[in-house]
Amino acid sequence: MMEDKDDAIHIEDDDARAAVTNTNLRWVLAIGLLLAIIAMSLVWIIPALSN
């Protein structure tokens, strides 16, 4: 809830964030990052080997 104290607005963390904290998002981001690194490495390594 919002509270008005000393002309400042204070909002609880859950109200301000309005999101659910879970570990699934971390896994999705980690796997996506790993796949991006592998893809970029292949794009660089395969042409380098063919020269």
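The values are calculated or read from the model by the stated rules, or taken from the named source; none is laboratory data. Bear in mind that the values here come from a model prediction, so they are computed numbers and not experimental data. Ideal geometry is used to build each Cβ from the backbone, glycine not excepted, and the neighbour counts take in all protein chains shown.
Assorted remarks:
- Residue match in region 40-51 (condition: at pLDDT below 75 and loosely packed, with under 10 Cβ neighbours inside 10 Å): yes
- Scanning region 18-37 for residues that are in a helix (DSSP H, G or I), among the charged types (D, E, K, R) and at pLDDT below 75 turns up nothing.
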